[in-house]
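Laboratory data are not the source of any read-out in this text; all were calculated from the coordinates shown. Owing to the predicted nature of the structure, the values given are computational and were not obtained by experimental measurement. Reconstructed Cβ throughout: ideal geometry from the backbone, glycine too, with neighbour counts over all protein chains shown.
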């Protein structure tokens with residue numbers, strides 16, 4: 001049911017950072033990349049699944065886009081897993097990149113609400129990581145997603161209802177390999193993330 005990023009975003013990522021690329025959280029129904037992590041590997045491996053993102057060890061390096069379900073049981077373990085993988089990559093001189101798409105949590109949340117607190121803690125831990133190379137901020141009105149429940153709705157796209165952050169985390173070798181292109185990719189990412197929802201509604205009205 002979760003919204004996915006536009007295919008154009010993946011194209012920008014692939015043109016900016018040399019792969020191979022893995023989609024960290026997906027399913028055979030909504031995966032944009034040929035190789036992806038999913039919740040049911042016993043069935044999904046037939047369609048390209050590597051199994052659970054949390055269990056996958058990036059020994060060959062490469063790149064991973066991670067747009068996780070925004071729940072406490074996923075976001076915090078994801079941040080810890082990424083940090084461990086990048087520490088290993090630095091120790092072994094491996095090029096490894098993670099592009100994480102999560103709601104923006106500008107300040108450490110002191111609220112008792114479990115979801116907000118977990119999201120805030122994991123967000124801040126990634127931003128403060130020594131592996132963090134870039135943070136791209138998108139205001140809610142500036143971007144959108146593919147509708148996760150589009151099989152139940154008349155539209156394919158939706159506008160985001162929250163601010164989003166794209167956090168780039170890399171090993172030292174990954175940074176060396178992609179430094180020049182990464183410095184230039186912010187505007188391309190923003191353009192690729194732009195909401196298609198209003199345009200889609202306009203086309204539907206014109207058809208009617």
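Which shape class, rounded, prolate or oblate, goes with segment 2-43 when its Cα gyration tensor gives a ≥ b ≥ c as root eigenvalues, a/c under 1.5 marks rounded, and past that a/b bigger than b/c marks prolate?
oblate
Give, as ranges by residue number, the residues of segment 2-29 whose backbone N falls under 17 Å from the point 7 Å along Cα→Cβ of residue 194.
Counting backbone N atoms under 17 Å from the label point, the list is 6-13.
Full-extension gain between residue 140 and residue 181, please, as 0.36 nm times their residue separation minus the C-alpha to C-alpha distance.
That pair, residue 140 and residue 181, stretches by 12.2 nm at full extension.
I'm a student and want to see the number: the projected area of the Cα convex hull of segment 3-127, averaged over all directions, in nm². Mind dumping the intermediate values first?
Numbers: hull surface 32.4 nm².
Computing the convex hull of the Cα atoms and averaging its projections yields 8.1 nm².
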